[in-house]
Structures are given as structure tokens and as C-alpha cells.
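Here is the structure we will look at, set down as C-alpha cells.
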Amino acid sequence: MTSSNKEPQKIYLKDYTPPTYRVDDIYLDIKVFNDHATVSSVLNMSREHDGKLVLLGRELELLNISINDKVLTADDYALDDESLTIHNAPDTAKVAIDVKITPQTNTALEGLYQSGTGDELMFVTQCEPEGFRKITFFPDRPDVLTEYTTRVEADKRFPVLLANGNLIEKGDVGDDRHFAVWHDPTKKPSYLFACVVADLAVMSDHYTTIEGREVLLEIYAVPADIDKCHVAMTALKDAMAWDEEHYGRAYDLDRYMIVATGQFNMGAMENKGLNIFNTSCVLSSPKTTTDERSFHVKAVIAHEYFHNWTGNRITCRDWFQLCLKEGFTVFRDQSFSSSHRSPAVQRIDDVGFLKAHQFKEDAGVLAHPVRPDSFVEINNFYTVTVYEKGAEIVRMIATLLGKDKFRQGTDEYFARYDGQAVTIEDFLSAMSVGDGRVLDFLAWYTQAGTPVLTGGFDVAGDSVKLTFSQQTRHVAGFDEPKALPIPIDVAIFHGESGELLAQELLLLTKDSDMFGFDGLDLGGVRPVVSVLRNFSAPVKLEFDYTDEDLVKIVQFENEGFNQWQAVQTLVGRLLFGKSDNVALLTDTLKRIVPTLMHKDPMLTARLFDMPSESELAVAYDKDYNPQAVKATRTALKEQIAHALADHVQVWYDSLPIVPYEDTPDARGVRLLRNVLFNLALTAKLDMTERTERQYTNATCMSEQLGALGAMIEFGLPNADDYTAQFYEEYHDNDLVIDSWFSVQAGADSRDVAFIKALMERADYDWQTPNRVRTTLGGLASKPTQLWTKDGISLYLSAVARLDVINPVLASRSLSALARWYTLSGDDKEMVKAELIALQQKASSKNVLEFLNNMLGDKA
């Protein structure tokens, strides 16, 4: 794609056709040399439908090609930048191809590429979604499943040679080179292929499945990091046991391998039997990893393992069905995480992320259905809508069915479609065996936008009548929205005693409906009605609560999530001028925190959550003024902090630093300490000594980084000295230094010029996505700095640079700017001009598709 072509070709779901040829098996021989690699492949292919034999390939130098041992000449095929079309191909064809590639210069981090330098140099692959075509010519699509045998050869300075499946042979090639041959007996699509050439240490363990299979577990990392793999290994074994218990799914190979690499566009990749992980998602130790990231490691380990069945054994027919594997697997990893911590806090985390990111996507020009109906570059649809909203749809189905019927449905799904490439319709068909209403949830996959659920209740004697209505905005380019099936979990409590009088799962299937509850023995007291419990549907709720209703939900609810949601609703009212009763909120916190903080410290910490400036921006469709939003948010935060000033220091001091433990309560205490810290400093209390003491006496990174972040954010004395000290202590640990970059870039006290200086440092590596995300993410989190001439210029200059070296990272970075058109006046025109300027010089279809969608009729 060149800048002269601004209309990249769209691919449509409606145009899907099955593959012309199947690939019965493939033999790959990959040889890595100092400045290039060669790949020889033998594909045994059989015709299934009329049409040409087309193999997909990109950035490949074709050396040789033959069919059924006959060497082809240039007249026998057509070759372009994206494909190789063989003329007059026979129905049964053994296709042998030799190509040359240069992984050493592959900065896009797709296909086979070089990661790291010096002692950490390695060669790894990333083939999802379309990276395999950068390794060799192949029908690179998810509905072509085949059996792989892979030979890997390299210099002996790379002692680790890995590929999918089981090791069947290894040996020397002369004095300086060696090889290994791997065979994967399970048919898989090309996007699940992986190989690794490296010098790595390995941590090994074993797991015996419920079927009696003895599985070798191996985690590979550079020697300096191998001691940080214990958390990941424990999480892997926990995930294997959890999947057996909850879904009856056992692992199916003799070996399960994970490789950690520092340069990786994704968090991790579920390649069959050989997962490639970003180091940030596999390495963990108390001294170098915050509690949040350590728990994230466990969740990602589980997520990629769970893909073995929901993604690998059963895969997608086409990339439009991406949510089939990702939504289901995110739901599974969220459920796993829930069983390893407070379920309420896990749900708060999941919903908080959904509201801050997916609702924002749904509210802007990048809104799309969970299953899109067209795309230019599939990499652009690895979105929060596909992942997180996709997970919420599966959760709604699980809620509707209940535990037993949901398990019945998943058992049917695995039994019916194992070894196949399927669609959302296939998934829903299997899940509907216990309840036909599941089929109606297809509309959730095909309709864009977040439904707004409005409601209220009336009381007559001992009866309560609830009314609900739903409405979804019409997203341009899609059909008019229709009513969706919305599960609404409702509980009714006595208004004085808090006794639970009724609880029921309602299903709203129309634009509006009424539901009655009779014989509740209300005693003439207004009941407390708690709706959408545990966030039973991904909707925006506008319920006719009074402020006092919300406080009583906090007091009476036995669902921790709904306690948090009630506080969040009250905070939202205060922020948007729908209430001025700050004292009601702070008095409630004063009343419940002293007890709750010792019972569930993490839930207590989350009750102090306040929507970020970026999340608040979603409420504005026009005339968005970042400075005004920030001023309102800051004023409320200061009001709350000053109202609690006499308590937060006492609460903080009642939670002393103790020896490190990795338990839910210990993690909760550390989080609560940092939250209280922030509140005390917001209230302008003198916390300097306590901050420095927490930094100095920290037993783990959560305590140390929490203190450092507070010093930087609030400009405490010696903040610069401690920042320099932190860097000196951890300068040789890339992931910790990522945190050092991030905590500074995200601090209000650091301006655009400071972030620009960070990006000009010698240790700022543009080819390492983790490092780039630290500064761009920090700037994006501060709308008052982002939406300025200097801010947007810096951000887009970074995107332009990434467009050349890593288009995937470049386009995903643009999503933070999707709602530019809501800005007011001159700011809007300034940003539009900058976006158009980038559009004129962008070269990748990744970035062009994003910009074309972002600008659209807004330009």
C-alpha cells in the first residue's frame, strides 16, 4: 500500500467462499542464517471446490517451485505482492516451494522476526492473523487446517530450537549448526504455527491430566529472567486443573511450552503447544512486579491455555468470527480469575475496563459490531469490542442458562465441533440445546452500539412494579438498531431492615416492558431495588434511583459489585451536576470503611474509584472541553479528600507494611494503602515522611512504585532524587524501567515537553512496543495535555514513525484519538488538520483504514 492509494480494498463477510483446496499436511524446513533465512515447504493439497490454486505470500523472495515434482517456470504461475496463483493446477498436488526471507529486518513483528540484541537475540514468530504468509506461500486463512511437521535449523549459538507439537528428532549439521524436527498431530490453521530459535534458560515442571497424560511443562526466558517464571508456572498448572473441573477439558499433547520475548505486539499468543508471550505477561516477582501486573500474568497465562480448546481445537471459520474464540476465552479467563480472588473485585475490574474503553469505542466513529461485517486490515479489529463485549455476551448466555445448562451447552459445543472451523451461529446452536432463547443473542453480535437501559419502579401496597426501556443509538453505516435480549438481575430489599425480599433474573426482549413482584411484605416502607446486579448485561443504566436509594444499596447489598456500582452512580451524579450531596457520599464511606477495610480491603479500595477524565469524555458528543471536565473532577476529588481528611491518615496508619504475601487480602491492603495515600495528599496532608518510609521499607514493587508515583504526581520534596534512585536500581530490568517511564508520562505534573524528552532518551526503543506504549499511553490518559497543539503533534508524529516500522502498533495507538470530533471550537479544527496531514502521508493500510474511519464525514 502506498500513500497514493487512499482507498484500501474492503473484505466483506457476505463474500465468504470456502477454500478451493485443502492441505492434507505440510512439511516445513526453516533455516536461519546471520542475515537471512530460507524456508522450504512441501504441501500435499487436494481440490475441494472449483477455482484456482492460490497461495498467499507477502515479502517473500521465491527461489523455486514445483508441483508433483515438476519444476514450474514463470509461465506456469502468476506472482504479485500478495499471492502466488498456479495455472492449471491438478486436483491432487504436491507443491514444493523454496523462499528467502529476512527476519533480521522485520520490524513489523509479524511472521518470523528477530527480537532483541546481543545475548538476548532470538528469532520468534507471530502468525495471527496473517503472519504465516510472511514465512512461506500458503492458503493463509483460518479455515484451512492441516498437520504440521517442522524442521528448524540454526547455528549452535542458538541451542533452543522449538516448534509446535512433539519433538521427534534432533541432531547436528556439521560442526557449527544443528536441527530439531517437531510434529504436531493436531490439525491446525496457519495462524497457530510457531517456531523459536534462541539461547534461553528453561523452567520445567510436570502435570498429569484427568485422562492420565503426563505433560512436560516448560517456560523459556533469558537466563537473567528465569527465576521470575514461578508465578506463571503455578498459574499454568492452576489453569489446567480449572479447565478440567469447570469444562471437562484436558490437555492433548505431551508438552506445553511458553517462550518470553521482549518485542511482541500482543500480550501473548496461543500457538498450539508453543505459546509466545510478551515478557510483561509472563515474568513476575515481588521485587520487580506490581500486584496488578502479577495478577495480570496469571490471567494471561490462563487465557492462552484456555485457547487450546476455545480457539485451537475449535477455531474460526473466518476472521469475522474472531469474537468466537476471543470473547469466549476472555469470559473463561475472567471466571478463572474470579476463583482466585474476590469475585466482586474481579467483576469490578472487568466492568471498569469495559466502561472506560469499550463504551468509549461504541460511542465513537470506530463503533462496530462484535462480529464486524467488513474490514480492510483484520489487525485493526483486535478491539475491546471483540474481546470484552464478546465476553459479556457469553456471560449473558451463562447467566440466562445457569450453571448446569451452560455446562450442557459447552459440552455439546466441544463434542459437535472439535477439529473444525466454525461460526458464531454454530456456537449459539450448540449452546441453545438447553434453552432456545440463546439463539436470540445473535443480535448482540451483529448490532453496533451500547444499549441504554432506563427504568424505575412503583409501589402499591406490597407489590412492586418495575418498568424498563432500551434504546441504542444508530451507528452510521449499519441498520437501524433493534431491541436486544437483556438479562436484568434484580433484588428487592426491605427499606429499613435490609432483608432480601425477592430476587429474580428478568429478560427484557422488547423496547419496553413491565415486571411485577407481589406479596413482598413491605410494611409501608419504600423498598430498596437493586437492578442489573453483577452487571448482568453490558448496557448503560439510567434507573430512577434517589441518592438515598444508592446509599441503601451500599448498605444492604450482598453483591460487592453493586455496592461499588451504587457509589459510582452517586459519584457520576455529583460530577455531572445531578446531585450536590457530597456529604451523603463521604458520610457513607466514613461509616462502612472502618469495618470493610479489614474484611475486604481490595473492595474497600475500589469504593474510592472515580471515573478517569477519558471515561468522562464519553458523555460528550460535542463541545467537549477537557479543561472543564478536569476542573470538575479535580474539585470533587478534593472535596471528598478534605471531607475524609481526619480519617484517611488514621486508616492508612492502621495498615502497616508487613512481610510480603501473595494473597487476595495482602494485595488488597497494599492497594488500599496507595489509595489512601493519594487521598491524603489530595487533602494536602503532610505525607512526605510516610511516603519516603513506604518507598524505603517497601517489601514489593507495588509499595515502592506506589510511593514513587505519589512523589511525582504531587511534587513532593526529593521526588527527582527518588526517581533517579529508582532508575539506578532497576536500569537493567526493561519491564521495571517501562513502569518508570509510565509513572512519569502519566503524571499530571509532567507536561508534553517532558514526555517528548522521555521519547528522545537513548533507552527509548521504538522497536519495543512495551516501551512505546508507556509514553503514548501516559499522554493519552491526560486529555488536557493530549488535545493541545503540542500534545497532538507529538502523538501523531509518533504514529507516523510507527506507521513505517510497526503498522499494527501505529493503528492501535490511533484509537485513543477516535472521538476527536467531540472537541469544541478551535481545538476540533486543529486536531482535524493534524489528522488529515497524517492521512496524506500514511503508507500502511492499517493506519489508513483507521484514519479513513476516524475522519469519514467528520472531515
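The values are calculated or read from the model by the stated rules, or taken from the named source; none is laboratory data. Keep in mind it's a predicted model, so treat the numbers as computed, not measured. Glycine also receives a Cβ, built like all others from the backbone with ideal geometry; neighbour counts cover every protein chain displayed.
At a glance:
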item: Candidate set from region 635-671 (those that are out of contact with any Ser or Thr (no Cβ under 9 Å at 6 or more places or on another chain) and closer than 30 Å to Ser815 by Cβ); member that is surrounded by the fewest Cβ atoms within 10 Å (Cβ to Cβ); result: Ala635
item: Of all residues in region 752-782 being surrounded by 17 or more Cβ atoms within 10 Å (Cβ to Cβ) and of a type in the set (D, E, K, R), the one that is farthest from Pro286 (Cα to Cα); result: Lys756
item: Members of region 207-218 that are touching an Asp or Glu at 6+ places or on another chain (Cβ under 6 Å) and either closer than 20 Å to Trp182 by Cα or not in a strand (DSSP E or B) (or both); result: Ile210, Leu217
item: Lone qualifier among Lys52, Lys100, Lys70 - being at pLDDT 95 or above, of a type outside the set (Ser, Thr, Tyr) and more than 30 Å from Ser844 (Cβ to Cβ); result: Lys70
item: Positions within region 102-133 being without any contact (Cβ under 8 Å) to a residue 40 or more places away in the chain and part of a helix (DSSP H, G or I), in sequence order; result: Thr105, Gly118
item: For Asp373: the one exception among (1) touching a helix residue (DSSP H, G or I) at 6+ places or on another chain (Cβ under 7 Å); (2) under 30 Å from Pro601 (Cβ atoms); result: (2)
item: Residue in region 353-367 that is part of a helix (DSSP H, G or I), aromatic (Phe, Trp, Tyr) and in contact with a helix residue (DSSP H, G or I) (Cβ under 6 Å, 6 or more places away or on another chain) present; result: no
item: Residue match in region 30-45 (condition: in contact (Cβ under 8 Å) with a residue 40 or more places away in the chain, more than 30 Å from Ala842 (Cα to Cα) and among the charged types (D, E, K, R)); result: yes
item: Condition check for Thr136: part of a strand (DSSP E or B), buried (at least 19 other Cβ atoms within 10 Å of the Cβ) and touching a residue at least 24 places away in the same chain (Cβ under 8 Å); result: no
item: Among the residues listed as Val99, Val144, Val181, the single one being closer than 30 Å to Leu809 by Cβ, assigned to a strand (DSSP E or B) and out of contact with any His (no Cβ under 8 Å at 6 or more places or on another chain); result: Val99
item: Subset of region 672-687 that is over 35 Å from the mean Cα position of the chain (by Cα) and buried (at least 16 other Cβ atoms within 10 Å of the Cβ) - its residue that is nearest to Val571 (Cα to Cα); result: Leu685
item: Number of the condition not met by Gly273 [criteria: (1) at pLDDT 95 or above; (2) on the phi < 0 side of the Ramachandran plot]; result: (2)
item: Filter result (in contact with a His (Cβ under 8 Å, 6 or more places away or on another chain) and surrounded by fewer than 22 Cβ atoms within 10 Å (Cβ to Cβ)) within region 420-474; result: Gly449
item: Selection from region 63-108 of residues that are of a type in the set (S, T, N, Q) and out of contact with any helix residue (DSSP H, G or I) (no Cβ under 9 Å at 6 or more places or on another chain); result: Asn64, Ser66, Asn68, Thr73, Thr85, Thr92, Thr102, Gln104, Thr105
item: Tally of residues being free of Cβ contacts under 8 Å to residues at least 24 places away in the same chain and either closer than 20 Å to His36 by Cα or not aliphatic (A, V, I, L, M) (or both) across region 156-179; result: 9
item: Any hit, region 541-548, residues being surrounded by fewer than 17 Cβ atoms within 10 Å (Cβ to Cβ), at pLDDT 95 or above and in a loop (DSSP other than H, G, I, E, B); result: yes
item: Test: residue in region 40-49 that is more than 22 Å from Lys188 (Cα to Cα) and surrounded by 14 or more Cβ atoms within 10 Å (Cβ to Cβ); result: no
item: Filter result for Gly572 (at positive phi and either surrounded by fewer than 20 Cβ atoms within 10 Å (Cβ to Cβ) or not in a helix (DSSP H, G or I) (or both)); result: no
item: Inter-residue pairs, beta-carbon under 9 Å, first in the same structural domain as Gly436 (by TED's automatic domain parsing) and in region 500-522, second buried (at least 16 other Cβ atoms within 10 Å of the Cβ) and part of a loop (DSSP other than H, G, I, E, B), 6+ apart; result: none
item: Answer residue from region 506-539, given it is part of a strand (DSSP E or B) and among the polar types (S, T, N, Q) and is farthest from Ala363 (Cα to Cα) among those; result: Ser530
item: Residue that is nearest to the chain's Cα centre (by Cα), among those in region 277-308 that are outside any helix (DSSP H, G or I) and under 15 Å from Pro664 (Cα atoms); result: Thr290
item: Of residues in region 147-175 being of a type in the set (Gly, Ala, Ser) and not in a strand (DSSP E or B), the one farthest from the chain's Cα centre (by Cα); result: Gly174
item: Yes/no for Thr410 being more than 20 Å from Pro481 (Cβ to Cβ), in a helix (DSSP H, G or I), in contact (Cβ under 8 Å) with a residue 40 or more places away in the chain and in contact with a strand residue (DSSP E or B) (Cβ under 8 Å, 6 or more places away or on another chain); result: no
item: Residue in region 518-540 that is nearest to the chain's Cα centre (by Cα), counting only those that are under 13 Å from His494 (Cβ atoms) and surrounded by 13 or more Cβ atoms within 10 Å (Cβ to Cβ); result: Ser530
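This table checks each residue for (1) assigned by TED's automatic domain parsing to the domain that holds Lys355; (2) under 30 Å from Gly495 (Cα atoms); (3) in a loop (DSSP other than H, G, I, E, B).
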| position | (1), (2), (3) |
| --- | --- |
| Ile553 | no, yes, no |
| Ala566 | no, yes, no |
| Ser579 | no, yes, yes |
| Ala583 | no, yes, no |
| Thr588 | no, yes, no |
| Pro594 | no, yes, no |
| Asp621 | no, no, yes |
| Val629 | no, no, no |
| Thr634 | no, no, no |
